[in-house]
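Student: Take this structure, written in structure tokens, and hold onto it; I'll ask about it next.
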Amino acid sequence: MDSSRWLAYFRANALRPVRGTLDPIALEPALREALVHSLQRFHLGESGEGRVAREAAEVGDPVLDDALVRCVDLYVKEEGRHARILVGALKALGARPLRRALAEDLFRLGRRTLGVGRKSIAGLRAKMLVIAAAEVVGVVYYRLLAERVPSPAIQSMATEIAEDEAAHLDFQAAYTRAYLAAATTAGRRWLALGAASFFGAAVACAVLTVAVDQRTLFRELGISPVAFAWSCVTEIRARFPLEDAPPTVEVIRPSTMPLAA
């Protein structure tokens, strides 16, 4: 895993100028209501992973050198940037962010059910896989907004966040492959199987939550939950051939998948 290249990437991203205040965004009322509901929920999801950065610095994962620990910190701060961008979009739509929402509570419940809580190397890796599952959903979701919401401001915002989330998934894939490659030959297959099973459960939880909670927006944008889920599968298949476990991976940016209804 090329830590210097990843650190350069995240540092360059951190220097991007803050987006200015958006002008009011006018949309057809039904779409505006569905989009506000959606952005409020995704804002909550972008706002709360600070503990992961602290744990990356504390638990001593041998795969994470000092540069990669710093990458995780910048990664989390980039998610905070996304949260601030979404607040700006909500204000432009005449709405405010929420303090909590049922969909976010359900996803957190699913995470606890999967046993993500220990402060250890295994716990950190599990938390990163859960975040990766949310990134899978995020990439497809923001691309959907960029393609189908008839607002240049929303399209620009969503495109920027989708590109960031795609790179985050590339980072997660590189991290996962790196710790699989560092495992013993005998243990690698079992570790890969466990990681893949855990990740699959986390993705299923995330996709199901979004499919149910965002069904009104999906209907307004002409996307079926099945098509959304299949696009999420495509993102995973592009990055996570876990059984191969090569020691490094290049950043990949797959082309946007058509989200056919």
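Bear in mind these aren't lab numbers, they're just calculated from the coordinates by the rules spelled out. Model, not experiment: these values are computed from the prediction. In this analysis, Cβ positions are derived from the backbone assuming ideal geometry, glycine residues included, and neighbour counts consider all displayed protein chains.
Student: Which of R143, R188 has the fewest other C-beta atoms within 10 Å, and how do the rest follow up to the most?
Tutor: Sorted ascending by nearby Cβ count, the order is R188, R143.
Student: Quick check: the distance between the Cα centres of segment 218-236 and segment 76-91, to the nearest angstrom?
Tutor: Each part's Cα centre sits 23 Å from the other's.
Student: Moving on. Say R0 is 22 Å: what FRET efficiency, to the nearest 0.05, do E58 and A201 get from their beta-carbon distance?
Tutor: Calculated value: 0.25.
Student: Which lysines, on any chain, are close to K127 with Cα under 28 Å apart, when same-chain ones fewer than 8 places away are left out?
Tutor: K77, K119
Student: Please compute the contact order of segment 3-239 in relative form: average sequence separation of alpha-carbon pairs under 8 Å and at least six residues apart, divided by the residue count, as a percent.
Tutor: Relative contact order here is 25 percent.
Student: Could you give the length gained by full extension between T234 and A14, i.e. 0.36 nm per residue of separation minus their alpha carbon distance, to one decimal place?
Tutor: 76.4 nm
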